[in-house]
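Take a look at the structure below.
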Amino acid sequence: MFVFVLNKSGKPLMPCKPQKARSLLKRGNAKVVKRTPFTIKLLGGSSGYKQKLTAGMDTGSKMIGCAVVGLGKVLYQSQVALRQDVSKKMEQRAMYRKNRRGRKCRYRPARWANRASMRRVGRLAPSLHSKLDSHLREKNAVESILPIHRWKVETASFDIHKITNPEVTGTSYQSGAQKDFYNVKSYVLHRDNYKCQSGRKGKHSQKLHVHHIQFRSNGGTDTPSNLITLCEACHADLHAGKFDIKAKRSRTKHATEMGIIKSRLKIAWSFIETFGYETKYKREQILGLPKEHYYDAVAVCLEDGELVEINSSVYFKRHVSKGDYQLTKGARSEKKIPVGKVFGLRKHDFISTPQGDGFVKGKRSSGYFALETITGETVHASANVKKSAV
């Protein structure tokens, strides 16, 4: 374990051992500025000598691994879970706004299309923007406590055609599934054998429609995987809510996101690019480590054949929404939801109670809080924090 050190101006210095930090704090030459990761700030001058440290990052759409190597040791390693709920939150917000428009001004059409952010060149969807910001946030967090000399980042390129059709080879790349069809609609009708795919029993209409499984208004696309053939009667019943068709989970979602994140990182950040096959070889053949995102990041930092002393301390992080946005609940918003500090605690504070240790997930003015682990698992649904929380 290492203690991270800042000079009196707040610039990062080389980390020290806990014994050295304890001595500095006892003599009054430093003060604690952060407990996780434990960081101290010097109150006086220092030589400012810094070794060249290499930082590595294993990028991802769900998890990020990060590590810093120097002096033949792993000085820092972390694993960050990215947000996967942004799209759902945006849909929920749109639903609330639509309801409010009908409730407060009879009804007016949505005006989202007139916002400048929707017309901005190079605009990213909010879910992708969150994931890109998470990569840069972890980079800034590492640079705030360690004097990084260079960054090495593992990026990935995915063959979307190969993912959707594993049997594709050589010249068959030019002969896709839609070859010789006039448009996507004619391909979908042929793929579904010109029959209604609703699965309902009974007589079907002869007239066929092509239906979007996930509506375009909800972010659906015109790709064949999001289209299905329905007869006219089933199509009308589907839109009337008489039955549902479940959308299939995309096999290329995360691969597509990584392609976008990779291109944006190269614009916003200067780093040495490495690839997955190099990381896997160094982690398995040279270091002999199991598959973990932070171990991948350690392998990213190293040169071919380089060995390093592994650190047993790992910082697990999870990026969450910034704050409490819902202020009231109830049919007429008559119930106020406690926000900010309640009993001296904020949302996501880590506390210890007789019912278990965990992060604050939900607060109640009665003093009974919901607690969860860093991975989102429930510790206790109603822990008493009025007197016993630490």
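Please work out if Gly70 is under 24 Å from His293 (Cα atoms) and either out of contact with any strand residue (DSSP E or B) (no Cβ under 6 Å at 6 or more places or on another chain) or of a type outside the set (Gly, Ala, Ser) (or both).
no
Contact annotation: residue pairs with Cβ atoms under 7 Å, 6 or more positions apart or on different chains, pairing a residue in the range 77-88 that is among the hydroxyl-bearing types (Ser, Thr, Tyr) with a partner that is in a strand (DSSP E or B), are Ser78/Cys66; Ser78/Tyr315; Ser78/Lys317.
Is it the case, given these coordinates, that Tyr281 is open to solvent by 80 Å² or more (accessible area, probe 1.4 Å), within 18 Å of Thr155 (Cβ to Cβ) and at pLDDT 90 or above? It is true that Tyr281 is open to solvent by 80 Å² or more (accessible area, probe 1.4 Å), within 18 Å of Thr155 (Cβ to Cβ) and at pLDDT 90 or above.
Note on the range 355-367: residues that are within 30 Å of Lys62 (Cα to Cα) and surrounded by fewer than 17 Cβ atoms within 10 Å (Cβ to Cβ) total 3. Of the residues in the range 261-274, not one is more than 22 Å from the chain's Cα centre (by Cα), buried (at least 18 other Cβ atoms within 10 Å of the Cβ), closer than 18 Å to Ala67 by Cα and not acidic (Asp, Glu).
Going through (1) touching a Lys or Arg at 6+ places or on another chain (Cβ under 9 Å); (2) open to solvent by 80 Å² or more (accessible area, probe 1.4 Å); (3) under 28 Å from Ser270 (Cα atoms) one by one, Asn140 falls short only on (1). The residues listed here are Lys291, Lys282; of these, the one that is in contact (Cβ under 8 Å) with a residue 12 or more places away in the chain and of a type in the set (D, E, K, R) is Lys282. Within the range 310-334, the set of residues being surrounded by fewer than 10 Cβ atoms within 10 Å (Cβ to Cβ) and within 28 Å of Phe271 (Cα to Cα) comprises just one member, Ser312.
For Val339, the test of being within 28 Å of the chain's Cα centre (by Cα), within 22 Å of Tyr96 (Cβ to Cβ), of a type in the set (A, V, I, L, M) and modelled with pLDDT of 85 or more is failed.
The strands (runs of 3 or more DSSP E) found wholly in the range 332-390 and carrying at least 2 residues that are more than 21 Å from Pro37 (Cα to Cα) occupy 356-362, 368-372, 378-384. Confirm whether Val3 is within 29 Å of the chain's Cα centre (by Cα) and either at negative phi or of a type in the set (Phe, Trp, Tyr) (or both). Judged against the criteria, Val3 is a match. For the range 63-87, a residue qualifies if it is out of contact with any helix residue (DSSP H, G or I) (no Cβ under 6 Å at 6 or more places or on another chain) and of a type outside the set (A, V, I, L, M), and the qualifying residues are Gly70, Gly72, Lys73, Tyr76, Ser78, Gln84, Asp85. Would you pick out the residues in the range 1-12 that are in contact with a Ser or Thr (Cβ under 8 Å, 6 or more places away or on another chain), farther than 7 Å from Lys41 by Cα and surrounded by fewer than 19 Cβ atoms within 10 Å (Cβ to Cβ)? Selection gives Met1 alone. Looking across the range 348-357, the residues that are in contact with a strand residue (DSSP E or B) (Cβ under 6 Å, 6 or more places away or on another chain) and farther than 16 Å from His319 by Cα come down to Thr353, Gln355, Gly356.
For every residue, the table says whether it meets (1) within 30 Å of Ile64 (Cβ to Cβ); (2) open to solvent by less than 90 Å² (accessible area, probe 1.4 Å).
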| site | (1), (2) |
| --- | --- |
| Lys336 | no, no |
| Phe343 | no, no |
| Arg346 | yes, no |
| Thr353 | no, yes |
| Phe369 | yes, yes |
| Thr373 | yes, yes |
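Residues that are without any contact (Cβ under 8 Å) to a residue 24 or more places away in the chain, within 37 Å of the chain's Cα centre (by Cα) and open to solvent by less than 90 Å² (accessible area, probe 1.4 Å) within the range 200-219 comprise His212, Phe215, listed in sequence order.
Yes or no, residue by residue, for (1) within 25 Å of Ser130 (Cβ to Cβ); (2) of a type in the set (D, E, K, R); (3) touching a strand residue (DSSP E or B) at 6+ places or on another chain (Cβ under 6 Å):
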residue: Phe158; (1), (2), (3): yes, no, no
residue: Lys201; (1), (2), (3): no, yes, no
residue: Arg216; (1), (2), (3): yes, yes, no
residue: Gly220; (1), (2), (3): yes, no, yes
residue: His239; (1), (2), (3): no, no, no
residue: Ser250; (1), (2), (3): yes, no, no
residue: Ile267; (1), (2), (3): yes, no, no
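Beta carbons closer than 7 Å, at least 6 apart along the sequence or on distinct chains, pair a first residue in the range 20-40 that is over 16 Å from Leu146 (Cβ atoms) with a second that is among the basic types (Lys, Arg) for Ala30/Lys41; Lys31/Lys41.
Tallying residues that are in a helix (DSSP H, G or I), basic (Lys, Arg) and within 26 Å of the chain's Cα centre (by Cα) within the range 137-187 yields 3.
The values are calculated or read from the model by the stated rules, or taken from the named source; none is laboratory data. On a predicted model such as this, the values are computed, not experimentally measured, just so you know. Virtual Cβ from ideal backbone geometry, glycine too; neighbours counted across all protein chains shown. Areas reflect the complete protein model, heavy atoms only, side chains present, ligands, DNA and RNA absent. Shrake-Rupley method; radii C 1.70, N 1.55, O 1.52, S 1.80 Å.
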